[in-house]
Amino acid sequence: MTEIDIEKENKAIAQEYKELLRISYQTLTPTDKKLIRKAFDVAVDAHKEQRRKSGEAYIFHPIAVAKIVASEIGLGATSIAAALLHDVVEDTPITVEDIERLFNPKVAQLVEGLTKISMVQKDLNASMQAENFRKMILTLNDDVRVILIKLADRLHNMQTMDSMVEYKQTKIASETLYIYAPLAHRLGLYNIKTKLEDLGLKYTEPAVYEDIVSKIRETKEEQDAYIKDISDVLKKSLDAENIDYIIKGRPKSIYSIRRKMRAQNVSFDEVYDKFALRIVYKCDSHEEKFIAWKIYSIVTDHYRPSPSRLRDWISSPKSTGYEALHITVMGPKGRWVEVQVRSERMDEIAEKGYAAHYKYKNGASEESGLDTWLNLLREALENPETNAVDFVEDFKMNLYSQEIFVFTPKGEIKSLPKGATSLDFAFSIHSEIGIKTRGTRVNGRLVPLNHELKSGDQVEVITSANQKPTVNWLDYVTTSRAKNKIKNVLNENTKKIAEEGKELLTRKLRHLKVTLNEQVTNELVNFFKLKTSLDLFYRVGIGAIENQQLKDYAAQKSNTFINFFKNKIKRTKDTAADDIHKPVISSNYDMLVFGTEHDKLDYKLSQCCNPIPGDDVFGFVTINEGIKVHKKDCPNAIGMQSNYAYRIMSAKWIDSSQEEFKAIINITGMDVLGLTNQLTKVISNNMSVNIQSISLSTDAGIFHGQVAVIVKNNTILKKMISAIKKIDGVDKVTREYRT
């Protein structure tokens, strides 16, 4: 480069720096400006030899990221300094310790968090990508500003991808649509979310993107005229009421037009609500709500509203902090138009999310939506056993989910994701309440635990100290918080039963002259074709392994011992004896079931990841080949799960000895005093049996009873029938087989 070019570039850098200070959303003190200047000088010096792929000086990138952080996200001096320095540790000899020494621990902590995220390798399979995304989310625990600066970094990278090779553009754009846009949405950064989505579409479906952009340009004049017609009508009435306001036309984002075209299978011209009107008004804080509804009244005086599409996020703000009134009205020429009504304060929160929310909090003790969400996130992160891909899927579901608002019996309002059940509500109050939930009442009526809640429902939780979660509960909940807690309790319960089972097995084997040790445990695991010693002890604990089976094992062991000596004398090798000691890893997890109902469907195992029984898997509904089963950490999993979520089916291998079965028992006898009491006592004393229904009747001294129970296996059922037969007055106990 010539001296003139360098001088020109330096002038441009200085100009960018001045612009950064000018556009800052927060008021910068002299100390703030000093901190930013120092960060700028260190960054300029550190990156002086570097250039971007486009050929421009690298320093333009950190300045651009800092500008987004300052104006669009609205963060302060510490974050602006961290944004300027975000690539310094990764790309230059400067260390985090140097930054702490030159600046302060907070700036150093933010830069370190950003460096950790950048160190994530790019070309990884699905499960590794998910694991690294999980690590990135962990930084939210330290300081949410790390993620906010990362979003600004991602936005600028998306804005300057033209000089990259095509496959890299596609990969970065897909990752942006899959993770970063939902994250921006959840943090209330709607402007950044929209830009990320539009740019994501530009590189994943360039032809579609260009087609929509050109059509928007073609129809711009017509749209502007249409918006002006509505604005002119509303202005007269708003002015007459002395409201201080501005009206802005807001075209629908390119990505949301594309989403609507795809979801409704319509062309660009058939997407009717391609634009919206936004009325932003000035007012004193105590009049904010009153004026919003006054504007609503004016709008609906002129245009007929759609009652089903009124969204009141002023009375119940979204958990992102978003507040507004959305009214969809029938405009001229029979077109639906969305009118958004916001005060200046609401508008700033909608534009800048986190930063503006805190600016207006004024030290209020009430937790913000973001704080509540971060607390839920910490709970999800506390469970290290969660599969990383599951974590990302749960996380994304909670990011993008629409919200419903329900009430506690005392009238407090709670926000839950759409699709949440009454059991989810119990866990949202407190995990301990969730695991002790015996039943739930919605609007005063007793409902099943998997009852889907609707906005406005009032929910009461009935608890019992003796209640414990069952495996079925995992199908009754949708929130990751509830799922994780239920899994933890079930694991603890399994371990407890296994411990009791181990003691029981030791006693039973002692009677058979066998001492339980590591070798015997391994032999038993192989003998019963199980996977682990935990499976073995658990089955003994629930009574799934009968005494006769243990006798068979002991007899075989004894025969093996005798054969061993016979073979020694013969000096020949009997391979059958060796086979018993081989650590054969076999499993009963051979039955694959789909969906929450555990349906048995036809399927094929996919060639790309070759799942085997026992692997974590999911079903993918193909167009021509029916259901294909993939491992959850299959390299194609994330792509399928993000692009074709509607074609994914949950699937799992089940062990027939773990499956629960329904059995109907018919009982007849003489109507002896206290028989009913005795009968229910015998059934309820058996811990492994759940009563589904019970009906008892007497006719002229003859007793008839029918009990439907849920049991894990036939052994438990036989034990129960045997106990019922011993009750005084019982004549006959039969099991009913329905065809």
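The values are calculated or read from the model by the stated rules, or taken from the named source; none is laboratory data. Here the structure is a predicted model, which is why all the values come from computation and not from measurement. Because the Cβ atoms are built from the backbone with ideal geometry, glycine has one as well, and the counts that use them run over all protein chains shown.
For PHE537, the criteria (1) at pLDDT 80 or above; (2) over 30 Å from LYS508 (Cα atoms) hold in every case but one, which is (2).
Just so you know, in the stretch 620-632 the residues that are within 17 Å of LEU592 (Cβ to Cβ) and not basic (Lys, Arg) include one that is farthest from the chain's Cα centre (by Cα), and it is GLU625. For the stretch 321-344, a residue qualifies if it is modelled with pLDDT of 90 or more and of a type in the set (Lys, Arg), and exactly one does: ARG342.
What residue, among those in the stretch 528-556 that are basic (Lys, Arg) and part of a loop (DSSP other than H, G, I, E, B), is surrounded by the most Cβ atoms within 10 Å (Cβ to Cβ)? Before you say what the answer is, go through the steps one by one.
Restricting attention to the stretch 528-556, the residues satisfying the condition of being basic (Lys, Arg) are 529, 531, 539, 551.
Pick out the ones that are also part of a loop (DSSP other than H, G, I, E, B) and you get 529, 531.
Working: LYS529: 14, LYS531: 16.
So the residue we want is LYS531.
One line per residue, one yes/no per condition, for (1) in contact (Cβ under 8 Å) with a residue 40 or more places away in the chain; (2) within 19 Å of the chain's Cα centre (by Cα):
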residue: LEU423; (1), (2): yes, yes
residue: ILE429; (1), (2): no, yes
residue: ILE433; (1), (2): no, no
residue: THR437; (1), (2): no, no
residue: LEU449; (1), (2): no, no
residue: LYS454; (1), (2): yes, no
residue: THR463; (1), (2): no, no
residue: PRO469; (1), (2): no, no
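Of all residues in the stretch 583-615, those satisfying the criterion of being touching a Pro at 6+ places or on another chain (Cβ under 7 Å), assigned to a strand (DSSP E or B) and either of a type outside the set (D, E, K, R) or modelled with pLDDT of 75 or more (or both) are TYR589, LEU605. Examine the stretch 29-38 for a residue that is at pLDDT below 90, in a loop (DSSP other than H, G, I, E, B) and either over 29 Å from SER163 (Cα atoms) or assigned by TED's automatic domain parsing to the domain that holds ALA83 (or both), and state whether such a residue exists. Yes: the stretch 29-38 contains one or more residues that are at pLDDT below 90, in a loop (DSSP other than H, G, I, E, B) and either over 29 Å from SER163 (Cα atoms) or assigned by TED's automatic domain parsing to the domain that holds ALA83 (or both).
Residue check: ALA356 meets all listed conditions (1) under 25 Å from LEU75 (Cα atoms); (2) at pLDDT 75 or above; (3) touching a helix residue (DSSP H, G or I) at 6+ places or on another chain (Cβ under 8 Å) but one, namely (2).
Based on this model, can you work out whether MET128 counts as at pLDDT 80 or above and of a type in the set (A, V, I, L, M)?
Answer is no for this residue.
Can you pull out every residue in the stretch 616-636 that is of a type in the set (A, V, I, L, M, F, W, C) and assigned to a loop (DSSP other than H, G, I, E, B)? Of everything in the stretch 616-636, those that are of a type in the set (A, V, I, L, M, F, W, C) and assigned to a loop (DSSP other than H, G, I, E, B) turn out to be ILE623, CYS634.
In the stretch 204-303, which helices (runs of 4 or more DSSP H) lie fully inside it and hold 1 or more residues that are closer than 18 Å to THR328 by Cα, among the acidic types (Asp, Glu) and in contact (Cβ under 8 Å) with a residue 12 or more places away in the chain?
Fully inside the stretch 204-303 and qualifying: 206-240, 288-302.
Scanning the stretch 311-334 for residues being exposed (fewer than 14 other Cβ atoms within 10 Å of the Cβ) and in a loop (DSSP other than H, G, I, E, B) gives a total of 1.
Let's see how each residue does on (1) of a type in the set (D, E, K, R); (2) under 30 Å from LYS215 (Cβ atoms):
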{"position": "ARG278", "(1), (2)": "yes, yes"}
{"position": "ASP284", "(1), (2)": "yes, no"}
{"position": "ILE291", "(1), (2)": "no, no"}
{"position": "THR300", "(1), (2)": "no, no"}
{"position": "TYR303", "(1), (2)": "no, yes"}
{"position": "ARG311", "(1), (2)": "yes, yes"}
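Results for (1) of a type outside the set (Phe, Trp, Tyr); (2) modelled with pLDDT of 75 or more; (3) surrounded by 15 or more Cβ atoms within 10 Å (Cβ to Cβ); (4) within 42 Å of the chain's Cα centre (by Cα), shown as yes or no for each residue.
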position	(1), (2), (3), (4)
ASN677	yes, yes, no, no
VAL682	yes, yes, yes, no
ASN686	yes, no, yes, yes
VAL709	yes, yes, yes, yes
ILE724	yes, yes, yes, no
VAL730	yes, yes, yes, no
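One residue alone among VAL471, VAL514, VAL525 is part of a helix (DSSP H, G or I) and farther than 19 Å from PHE407 by Cα, and that residue is VAL525. I'd like to check something: does the stretch 86-94 contain any residue that is under 24 Å from GLY353 (Cα atoms) and either outside the structural domain of LYS18 (by TED's automatic domain parsing) or at pLDDT below 90 (or both)? The answer is yes, given that some residue of the stretch 86-94 is under 24 Å from GLY353 (Cα atoms) and either outside the structural domain of LYS18 (by TED's automatic domain parsing) or at pLDDT below 90 (or both). Hey, among ARG259, ARG278, ARG304, which residue is among the basic types (Lys, Arg), in contact with a Gly (Cβ under 9 Å, 6 or more places away or on another chain) and farther than 24 Å from VAL406 by Cα? On inspection, the qualifying residue turns out to be ARG278.
Let's see how each residue does on (1) of a type in the set (A, V, I, L, M); (2) farther than 19 Å from LYS468 by Cα; (3) surrounded by 17 or more Cβ atoms within 10 Å (Cβ to Cβ):
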residue: PHE405; (1), (2), (3): no, yes, yes
residue: GLY411; (1), (2), (3): no, yes, no
residue: ALA420; (1), (2), (3): yes, yes, yes
residue: LEU423; (1), (2), (3): yes, no, yes
residue: SER428; (1), (2), (3): no, no, yes
residue: ILE433; (1), (2), (3): yes, no, no
residue: THR440; (1), (2), (3): no, no, yes
residue: ARG445; (1), (2), (3): no, yes, no
residue: LYS454; (1), (2), (3): no, yes, no
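Go through the stretch 430-473 and give me each residue that's among the acidic types (Asp, Glu) and within 14 Å of ALA420 (Cβ to Cβ). Passing the criteria: GLU452, ASP457.
Of PHE527, PHE537, all but one fail to be more than 30 Å from LYS468 (Cα to Cα) and among the aromatic types (Phe, Trp, Tyr); the exception is PHE527.
In the stretch 24-32 there is at least one residue matching the filter, namely being over 22 Å from GLN159 (Cβ atoms), surrounded by 15 or more Cβ atoms within 10 Å (Cβ to Cβ) and not acidic (Asp, Glu). Only a single item in (1) surrounded by 17 or more Cβ atoms within 10 Å (Cβ to Cβ); (2) in the same structural domain as GLU270 (by TED's automatic domain parsing); (3) not in a helix (DSSP H, G or I) is not met by GLY188, and it is number (2).
Here is a yes/no grid of residues against (1) within 22 Å of LYS228 (Cβ to Cβ); (2) in the same structural domain as GLU197 (by TED's automatic domain parsing); (3) surrounded by 18 or more Cβ atoms within 10 Å (Cβ to Cβ); (4) under 31 Å from the mean Cα position of the chain (by Cα):
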site	(1), (2), (3), (4)
GLY249	yes, no, no, no
ILE295	yes, no, yes, no
TRP336	yes, no, no, no
GLU351	no, no, yes, yes
